[in-house]
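Structure first, commentary second.
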Amino acid sequence: MPKISVIVPVYNTAPYLRRCLDSVLAQTQKDFEILAVDDGSTDESPAILKEYQEKFPEWIQVLRKENGGLSDARNFGLRRATGDYIAFLDSDDFLAPDFIQSILALLEREKADLVLFDCYYEFDSGKRIPFSVLKPYSGELKKDALLAAPMAWSRVFHRRLLGEDPFLRGIYYEDLEMTPKTVLKAERIAYLPRPLYHYYQRSGSIMRQAEFSPKLLDIFTVTESVYRAFSEAGRLEEFREEIEFLFIEHLCRSAALRFSAFPNGRALLDRLCHTMEQRFPEWKHNPHLKKASLFFRLTVFFCGQRAIGMLRILNRLKGS
């Protein structure tokens, strides 16, 4: 049985799919299986997957399903995975050659059930930017892991942390809804400050769109789900500063900037502030906020002041 199951959801990513699969097949340690989930692709992706499955049947299992979105595809693959540990790889991204070897060595050394690692941002221009997913806000790894970049692909999970169908279907921000809950369950966390994952920056992402979509409001559902999970587990007070800062980062910074560009931005900003005041009345005094960048703190300040004009200026500066 393989040690790590690499789940690759595939939907119309033919131009990048060979690079993605080749990066797993070229691993320096072969203790893995690839579960490539064709989520109803209509381009050449199914033909490429068939080619690879026939050529590498010992490594690749191709699963086919009707289109259901990223969360549904990941859950579908997870239900069929046999590895003790689970890694998620988006089909337009790729792995460093020693990804499996480095992760397994760290898992063995640290006896961890959750491992986080860094990445490179890859651009069409050939530009490559290293990105650290973890920042030392508190100095305690479990607390800092709650505030790490929430992408599911930025970590390897023991499968017991995921349970059945860990990703909510049909929502945006599905990673943010899921990853803090796995940190809550984890008994031992490890962090490898090396870029082992190459995250390709495609244009047209929902997070870069110029027009408002109702699905962007899922950020309220997702943050509330995380709050409720920690509350129901009786751990909210233990991690209050971290959950509060998670709300600040994803509502008062990211969502505030995004919403400020839309015609209904003022009403959305009011909703953001009301949510914060309801859940965390003293949120403006969060200790982690003092360690954030100046741009971050300015954004949060203008959000708290409901200064949508200033947020629009910051949003333009961010995009320039």
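A few remarks follow.
- Over segment 100-171, the reciprocal of the mean inverse Cα-Cα separation, the Kirkwood hydrodynamic radius, stands at 14.2 Å.
- Couplings 3J(HN,Hα) of segment 103-115, computed from phi: 5, 5, 5, 5, 4, 5, 5, 9, 6, 8, 10, 8, 10 Hz, in residue order, whole Hz [Karplus 6.51 cos²θ - 1.76 cosθ + 1.60, θ = phi - 60°; x for Gly and Pro].
- Tensor-based shape of segment 272-320 (alpha-carbon gyration tensor, a/c under 1.5 rounded, otherwise prolate or oblate): oblate
- Couplings for segment 50-60, taken from phi via the Karplus curve 6.51 cos²θ - 1.76 cosθ + 1.60 with θ = phi - 60°, read 4, 4, 5, 5, 5, 7, 10, x, 6, 10, 10 Hz in order; Gly and Pro are left as x.
- The chain, relative contact order in percent, only Cα pairs under 8 angstrom and at least six apart counted: 16 percent
- Within a straight-line Cα-Cα reach of under 20 Å, residue 50 can be paired with the following aspartates and glutamates, leaving aside sequence neighbours fewer than 8 residues apart in one chain: 22, 33, 38, 39, 58, 66, 90, 92, 93.
- Within a Gaussian network of the chain (alpha carbon springs, distance under 10 Å), most fluctuating of 130, 180, 263: 263
- Karplus-derived 3J(HN,Hα), 6.51/-1.76/1.60, for each residue of segment 32-37, Hz, glycine and proline x: 8, 10, 10, 10, 8, 9
- Largest GNM mean-square fluctuation across 192, 246, 294, computed for the chain with C-alpha springs under 10 Å, falls on 294.
- Taking 127, 284, 142 in turn, the Gaussian network model of the chain (Cα-Cα springs below 10 Å) assigns the largest fluctuation to 127.
- Contact order relative to length of segment 18-162, as percent, for alpha carbon pairs under 8 angstrom and 6 or more apart: 26 percent
- With contributions of -39500 (n - 2.57) from each DSSP H run of at least four residues, the per-residue ellipticity at 222 nm computed over the chain stands at -12000 deg cm²/dmol.
- Once the gyration tensor of the Cα atoms in the chain is diagonalised, the equivalent ellipsoid follows with semi-axes of 34, 23, 18 Å, ordered largest first.
- Here the residues 213, 71, ranked from fewest to most Cβ neighbours within 10 Å of their Cβ, fall in the order 213, 71.
Laboratory data are not the source of any read-out in this text; all were calculated from the coordinates shown. Note that the structure is a prediction, hence the values are computed from the model and not measured. When we count neighbours, we look across all protein chains shown, and the Cβ atoms used for this are built from the backbone with ideal geometry, even at glycine.
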